[in-house]
Amino acid sequence: MSAIAFSYLFVAALALTLSLKFWLATRQVRHVARHRDSVPAEFADRVPLVAHRRAADYTIARVRLGLLELVLGTIVLVGFTLLGGLQLLHLALASTLPDGPFVRQLLLLAAVVLISGLLELPLSWYRQFRLEERFGFNRMTMRLWLADIAKGTVVSVALGLPLAAAVLWLMRRAGDDWWLWVWALWMAFNVFVLILYPTVIAPIFNKFEPLADGPVRRRVEALLERCGFASKGLFVMDGSRRSAHGNAYFTGLGRAKRIVFFDTLLSRLSGEEVEAVLAHELGHFKRRHVTKRVIASFALSLAGLWLLGQLAQQPWFYQGLGVTVTEDREALALILFFLALPSFTFALQPLASLLSRRHEFEADAFAASQANAQDLVSALVKLYEDNASTLTPDPVHSAFYDSHPPAAQRIGRLNRLAPHPVRAVA
């Protein structure tokens with residue numbers, strides 16, 4: 001393939017992806033707005049019209065902000081590639097550090113990440129202190145926001161720079177099969193982070209307290225024993241410091257797994273509803289969804305690194321994306337690959353979303369077998385309302401983006417699993 005042909009191919013893929021994303025966003029805005037003034041019948045007894053309208057407005061605002069992010073992200077992408085920004089940055093570092101090719105490449109990676117992060121900051125600030133604030137979700141102060149950025153930067157540097165250095169070294173020293181060694185390193189790094197996250201990384205950002213003794217803890221422990229699930233501990237996270245959104249999650253590996261509840265979740269749900277939500281999360285483990293997703297992620301990363309290994313040897317790959325440098329190309333190959341890849345893979349997004357939604361249905365079915373399906377229905381409706389999640393998403397937009405089934409489908413299935421199907425009443 002020639003460089004010009006690859007440039008045209010990249011532009012075509014980028015244009016197609018942009019058009020598709022704009023079309024999906026337009027569908028979502030129109031569909032949600034059209035149903036803004038009417039609560040779906042299955043939710044009419046539980047969700048008031050004012051909450052339904054708030055969810056519609058929140059959804060539309062997020063979609064419109066996402067379009068702005070898409071436009072700015074595309075400008076940055078084109079600036080780095082076709083307009084030669086990456087080439088200029090590489091040459092600037094080469095003139096500054098003419099005798100340090102390895103350090104120069106590491107700094108090039110860091111510079112691209114830094115520039116991208118700085119360009120995203122204004123929209124990140126707007127999302128947190130304007131959009132989330134307008135809909136009553138933001139509880140973060142400017143001081144905490146800046147502290148999170150500083151802490152996140154330190155953690156990223158501490159973990160990312162050694163990984164990047166090791167990858168660049170392997171690309172240069174491990175021969176034609178370097179991509180296989182990098183894949184092994186990437187797998188080991190992910191396992192290392194999973195082990196480190198619960199006890200070292202997460203406490204940097206949030207406080208974790210053991211779940212207090214009481215009816216909720218007894219219900220949770222009984223559920224864990226009933227399901228044969230080994231946990232290292234039950235914890236409550238101070239999510240309310242940052243947001244009014246609620247959640248619960250598992251973290252860790254093997255018997256070191258922790259169960260974490262947001263304090264906002266516990267303050268809103270009853271003991272029965274917390275049990276049902278946790279039963280759903282346990283369903284992901286019992287149905288081996290986590291294992292399947294990890295295997296799929298590692299398989300895709302192997303395929304991606306193999307592809308990168310082939311492209312990194314082709315001059316047209318660099319030239320087609322605005323880079324004509326012929327020496328020290330390892331960092332350039334990494335950057336160009338990860339900049340260009342999303343434009344070629346977005347069309348596969350519905351497949352990933354479909355598989356994720358199937359897992360959610362299976363986890364719901366498991367929850368209905370271990371807890372009361374009606375309690376899960378009640379909990380989900382509360383979470384939809386509290387998080388301002390639209391009950392009327394556009395079906396096509398949902399098929400592309402949503403990892404969870406639409407509310408009506410999910411509630412409908414749970415009602416069919418319940419001994420006595422009910423409408424969505426808490």
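Every number here is computed from the coordinates shown, using simple stated rules; none is lab data. On a predicted model such as this, the values are computed, not experimentally measured, just so you know. Ideal geometry is used to build each Cβ from the backbone, glycine not excepted, and the neighbour counts take in all protein chains shown.
Structural remarks
- Antiparallel bridge percentage (DSSP; both residues within the chain; nearest 5): 60
- Listed by chain and number, the lysines whose C-alpha is less than 19 Å from the C-alpha of LYS151, apart from same-chain residues fewer than 8 away, are LYS207.
- Relative to the dominant Cα principal axis of the chain, helix 3-34 is inclined by about 20°.
- Compared with the dominant Cα axis of the chain, that is its longest principal axis, helix 142-173 is turned about 50°.
- If you run the Gaussian network model on the chain, springs between alpha carbon atoms under 10 Å, then out of LEU332, LEU108, LEU97 the most flexible one is LEU97.
- In segment 70-138, the chymotrypsin sites (Phe, Trp or Tyr not before Pro) that fall in loop regions by DSSP, at most 12 other Cβ within 10 Å: none
- Between LEU146, LEU107, LEU305, the Gaussian network model of the chain with springs among Cα atoms under 10 angstrom shows the greatest mean-square fluctuation at LEU146.
- Max mean-square fluctuation residue, GNM over the chain, Cα-Cα springs under 10 Å, options ARG293, ARG139, ARG258: ARG293
- Cross-link partners of LYS21 among aspartates and glutamates (Cα-Cα below 12 Å; sequence separation of 8 or more within a chain): GLU69
- Computed about its Cα centre, the charge dipole of segment 299-426 is approximately 480 debye, with only Lys, Arg, Asp and Glu carrying charge at their Cβ.
- Cα-based helix-to-principal-axis angle, 101-126 vs the chain, degrees rounded to 10: 40
- Whichever lysines have a C-alpha closer than 26 Å to that of LYS292, once near sequence neighbours (fewer than 8 apart) are set aside: LYS232, LYS257
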